[in-house]
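Below is one structure, written out as structure tokens; comments come after it.
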Amino acid sequence: MSREVEDNELADVAAVGAGNDYAVGNMIADALQQVGKKGVVTIEQGKSTENCLQIVKGMQFNRGYMSHYFATDRRKRIVEFHDCKLLLVDKIITNPKAMLKFLDNAVKEKLPIVIVAENVEQEALAPIIRNKLRGVLKAAVIKAPAFGELKSHYLDDIAVLTGGTVIRDDAGVTLENAGEEVLGSATKVVITKDSTLIVTDGSTQAAVDSRVSQLRNLVENTGEKSCRKTLNERISRLSGGIAILQVINI
């Protein structure tokens, strides 16, 4: 039999998970209370002499990199970028030349770039992997979360969060005619084979709040249970927040 953990029990449960370290347990409990149960708590190696908790804006979803060759840490098999750009594409990318100007600019600006697309075919993916392995380009490619219409909605949510614009042919925004202004920005992106975490600086909070308000209005005016569930999940992703816990010894 299982039951939901009460708020006053969070510290004890978290401490057990942290090897009976009650200082860390208390910080995890504090983090969960601040970001909510739908928020994200990440634990990483601390860089100072004390444990530190930081609450940031961001989103996590269940899509990972399209190739393990994108990993920046081969041992952990993760991609970790700081101060990077995001190219959001609501279509299947088949032509490698279509992304060339964005990739060239990433090299010139010495900024990592994350491409989030419906899919990227092997012919278009191979040059990105090749240039990454050569050390010329810092890049990663992931599939957009979900499918169909919901996939498009998720891409729009990511665009609002990162300050970008979704490449969408039927809206007149194409890879060929779009410029650098369509790129989103993130202070940190962490990608595993199964998930992606995007952290931002909070500068888009007004747009995020407006988006969340729109979604809540849709929930109130939607009778279909599955649709309400999906809308609430999107609200949670946009408004949950991310807690970054830096621990001295992990």
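The values are calculated or read from the model by the stated rules, or taken from the named source; none is laboratory data. These numbers were taken from a predicted model, which means no experiment stands behind them. So basically every Cβ, Gly included, is an ideal-geometry build from the backbone, and we count neighbours across all protein chains shown.
The table for this structure:
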item: Scope the stretch 104-119; condition assigned to a strand (DSSP E or B), of a type outside the set (Asp, Glu) and surrounded by fewer than 20 Cβ atoms within 10 Å (Cβ to Cβ); matching residues; result: ASN119
item: Matching entry among VAL166, VAL173, VAL160 (being free of Cβ contacts under 8 Å to residues at least 12 places away in the same chain and within 21 Å of SER185 (Cβ to Cβ)); result: VAL173
item: Within the stretch 64-75, tally of residues that are surrounded by 14 or more Cβ atoms within 10 Å (Cβ to Cβ) and either in contact with an Asp or Glu (Cβ under 8 Å, 6 or more places away or on another chain) or modelled with pLDDT under 80 (or both); result: 2
item: Those residues of the stretch 120-130 which are touching a strand residue (DSSP E or B) at 6+ places or on another chain (Cβ under 8 Å) and either assigned to a helix (DSSP H, G or I) or loosely packed, with under 12 Cβ neighbours inside 10 Å (or both), in sequence order; result: ALA124, LEU125, ILE128
item: Which numbered condition GLU109 fails, given (1) in contact (Cβ under 8 Å) with a residue 40 or more places away in the chain; (2) out of contact with any Lys or Arg (no Cβ under 7 Å at 6 or more places or on another chain); result: (1)
item: Unmet requirement for ASP83, which otherwise passes all of (1) surrounded by fewer than 18 Cβ atoms within 10 Å (Cβ to Cβ); (2) modelled with pLDDT under 95; result: (2)
item: Within the stretch 205-250, considering residues that are in contact with a helix residue (DSSP H, G or I) (Cβ under 7 Å, 6 or more places away or on another chain) and among the hydroxyl-bearing types (Ser, Thr, Tyr), the one nearest to THR165 (Cα to Cα); result: SER239
item: Exclusive hit being touching a helix residue (DSSP H, G or I) at 6+ places or on another chain (Cβ under 7 Å), of a type in the set (A, V, I, L, M) and modelled with pLDDT of 95 or more, set VAL141, VAL107, VAL182; result: VAL141
item: Pair list, Cβ < 7 Å and 6+ apart or interchain, from the stretch 63-83 residues that are small (Gly, Ala, Ser) to residues that are loosely packed, with under 12 Cβ neighbours inside 10 Å; result: GLY64/ASP194
item: Condition met for LYS229 (basic (Lys, Arg) and at pLDDT 95 or above); result: no
